[in-house]
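Here is the structure we will look at.
Read the figures in this text as sums done on the coordinates, not as results from a lab. Given the structure is predicted, the values throughout are model-derived calculations rather than measurements. Here the Cβ positions follow ideal geometry from the backbone for every residue, glycine too, while neighbour counts run over all protein chains shown.
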Amino acid sequence: MNGSAIVCRVFVVMAMLATLVTFGRGVLAGDFVRVSPDLEIYFEEAGSGPPIVFIPGWTGTSESFQQQLSHFSKRYRAVSYDPRS
């Protein structure tokens, strides 16, 4: 995969997350979003209000943000996702 394809996929993932953060509402829930014909990304979300997105680093997953999602969902729409592995 060349550099521009990677940048394009990252842009698509971020656009999908922005859409989820803007239009979705609910309690802590996990689901998958299809970002291309061959790629689904897992995300978790909780709360309502201004969005806050937790992005795990390197080998992290959305699971590492469970306590943050629980805490911040009281005032914010908290979202975390699993990056591609």
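Could you run through the range 44-81 and say how many residues are within 10 Å of the chain's Cα centre (by Cα) and in a helix (DSSP H, G or I)?
Of the residues in that region, 1 qualify.
Looking at the range 49-59, is at least one residue surrounded by 12 or more Cβ atoms within 10 Å (Cβ to Cβ), of a type outside the set (A, V, I, L, M, F, W, C) and over 19 Å from R9 (Cα atoms)?
So in the range 49-59, the residues surrounded by 12 or more Cβ atoms within 10 Å (Cβ to Cβ) come out as 49, 51-56.
This time we only want the ones that are of a type outside the set (A, V, I, L, M, F, W, C), so: 49, 51, 56.
Subset that is over 19 Å from R9 (Cα atoms): 49, 51.
Yes, some residue in the range 49-59 is surrounded by 12 or more Cβ atoms within 10 Å (Cβ to Cβ), of a type outside the set (A, V, I, L, M, F, W, C) and over 19 Å from R9 (Cα atoms).
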